[in-house]
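**Q** One structure, as structure tokens, below. Some questions next.
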Amino acid sequence: MKKRYYILLVLFSIGFLYLFYNAFFIEKKKVFYKQNLYENVSILRYPHSQYLQEGDIIFRRMYDVESTMACKFSEGEKRYSHVGMIVSQNNKKWVLHILPNQGVVLTQIKIFLAQTKVWAIYRYKELEPSKLNRMALSYLHKNIAFDDNYDLKTKDFLYCTEMIQDIINSTLNKNYVKATKKFVGRQFVTISDMYENNQTTLIERSHRQVSN
């Protein structure tokens with residue numbers, strides 16, 4: 001636990017210094033990512049189960065230090081801090097995700113969202129739900145631990161977005177979901193990488209988007 005917080009703190013500190021240096025000492029064209037605006041009051045507490053299918057991606061926002069850093073690390077929209085995949089087992093829908101100190105777990109949807117009111121469901125195109133479901137459930141038996149080093153090169157250690165990316169890309173056997181974030185000489189797959197692309201469709205979300 002201490003190691004993970006230390007790594008995140010180092011990344012956050014380096015990122016702050018990097019942004020400060022670019023802002024004040026380097027003259028270059030700056031690209032500002034558009035941040036969407038949402039209504040303050042949620043329109044849905046939980047997603048409608050009848051709209052969900054195997055392989056849907058579920059996002060949530062938590063507000064502890066680690067979650068906030070994960071949220072802010074996104075290259076695009078900075079709204080969500082954790083991601084999982086909807087799977088079916090024993091005729092019930094669950095969220096498959098990976099957690100520090102627990103590894104890959106199945107969690108009931110309402111428990112996954114119990115401590116937040118900010119969430120969204122997205123669906124990837126070209127993906128067969130049953131194949132995604134089988135691939136996702138197989139990760140429960142692979143003895144995968146949470147990746148405290150956030151290293152895309154390791155396959156027995158994965159972080160939350162990396163695992164979902166790996167499930168999808170392994171199902172299709174191609175680099176369908178890409179890691180777009182480059183930081184201190186390394187690549188990362190961030191939360192916004194998982195849905196701000198041409199391959200996803202919004203199914204439901206907790207808050208209605210308003211015009212900027």
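The values are calculated or read from the model by the stated rules, or taken from the named source; none is laboratory data. Being a predicted model, the structure only gives us computed values, none of them experimental. All Cβ positions, glycine included, derive from the backbone under ideal geometry; neighbour counts span all protein chains shown.
**Q** Quick one: in the stretch 155-166, of everything that is out of contact with any helix residue (DSSP H, G or I) (no Cβ under 8 Å at 6 or more places or on another chain) and over 20 Å from residue 75 (Cα atoms), which residue is surrounded by the most Cβ atoms within 10 Å (Cβ to Cβ)?
**A** For the stretch 155-166, the residue satisfying everything is 157.
**Q** Please specify each residue of the stretch 171-212 satisfying the condition of being touching a strand residue (DSSP E or B) at 6+ places or on another chain (Cβ under 7 Å) and farther than 30 Å from residue 45 by Cα.
**A** 179, 181, 187, 188
**Q** Those residues that are part of a loop (DSSP other than H, G, I, E, B), surrounded by 16 or more Cβ atoms within 10 Å (Cβ to Cβ) and either touching an Asp or Glu at 6+ places or on another chain (Cβ under 8 Å) or of a type outside the set (D, E, K, R) (or both), I need them from the stretch 78-91; list them, please.
**A** Step one: filter the stretch 78-91 for residues part of a loop (DSSP other than H, G, I, E, B), giving 78-81, 90-91.
After this cut, where a residue has to be surrounded by 16 or more Cβ atoms within 10 Å (Cβ to Cβ) as well, the list is 78-81.
Matches in the stretch 78-91: 80, 81.
**Q** Out of the stretch 139-149, which residues are touching a helix residue (DSSP H, G or I) at 6+ places or on another chain (Cβ under 7 Å) and more than 19 Å from residue 94 (Cα to Cα)?
**A** Of everything in the stretch 139-149, those that are touching a helix residue (DSSP H, G or I) at 6+ places or on another chain (Cβ under 7 Å) and more than 19 Å from residue 94 (Cα to Cα) turn out to be 147, 148, 149.
**Q** Could you list, in sequence order, all residues of the stretch 41-74 that are assigned to a loop (DSSP other than H, G, I, E, B), under 17 Å from the mean Cα position of the chain (by Cα) and small (Gly, Ala, Ser)?
**A** 55, 74
**Q** Could you grab me the full set of residues in the stretch 163-212 that are hydroxyl-bearing (Ser, Thr, Tyr) and at pLDDT 95 or above?
**A** 170, 171, 190, 192, 195, 200, 201, 206
**Q** Could I ask something else about it? Is it the case, given these coordinates, that residue 182 is more than 19 Å from residue 53 (Cβ to Cβ), under 13 Å from the mean Cα position of the chain (by Cα) and among the basic types (Lys, Arg)?
**A** Here the answer is no, as residue 182 does not meet what is asked.
**Q** Could you list all residues from the stretch 34-57 that are among the aliphatic types (A, V, I, L, M) and out of contact with any helix residue (DSSP H, G or I) (no Cβ under 7 Å at 6 or more places or on another chain)?
**A** 37, 41, 43, 44, 52
**Q** I would also like to ask the following. Does any residue in the stretch 78-94 that is free of Cβ contacts under 8 Å to residues at least 24 places away in the same chain come within less than 6 Å, Cβ to Cβ, of a residue that is among the hydrophobic types (A, V, I, L, M, F, W, C) and buried (at least 21 other Cβ atoms within 10 Å of the Cβ) six or more places away or on a different chain, and which pairs are these?
**A** Every condition considered, the pairs that remain are 94/87.
**Q** Going through the stretch 167-212 one residue at a time, which ones are without any contact (Cβ under 8 Å) to a residue 12 or more places away in the chain and either in contact with a helix residue (DSSP H, G or I) (Cβ under 9 Å, 6 or more places away or on another chain) or assigned to a strand (DSSP E or B) (or both)?
**A** First, pick out the residues of the stretch 167-212 that are without any contact (Cβ under 8 Å) to a residue 12 or more places away in the chain: 169, 173-175, 182, 185, 198.
Those that are without any contact (Cβ under 8 Å) to a residue 12 or more places away in the chain and either in contact with a helix residue (DSSP H, G or I) (Cβ under 9 Å, 6 or more places away or on another chain) or assigned to a strand (DSSP E or B) (or both): 175, 182.
**Q** Same structure, new question: Residues that are touching a residue at least 60 places away in the same chain (Cβ under 8 Å), assigned to a helix (DSSP H, G or I) and over 18 Å from residue 193 (Cβ atoms): does the stretch 145-162 have at least one?
**A** Taking every residue of the stretch 145-162 in turn, none turns out to be touching a residue at least 60 places away in the same chain (Cβ under 8 Å), assigned to a helix (DSSP H, G or I) and over 18 Å from residue 193 (Cβ atoms).
**Q** Would you pick out the residues in the stretch 92-140 that are surrounded by 13 or more Cβ atoms within 10 Å (Cβ to Cβ), basic (Lys, Arg) and not in a strand (DSSP E or B)?
**A** 117, 131, 134
**Q** Among (1) over 17 Å from the mean Cα position of the chain (by Cα); (2) closer than 26 Å to residue 62 by Cβ; (3) touching a residue at least 40 places away in the same chain (Cβ under 8 Å), there is one condition residue 131 misses while meeting the rest; what is its number?
**A** (2)
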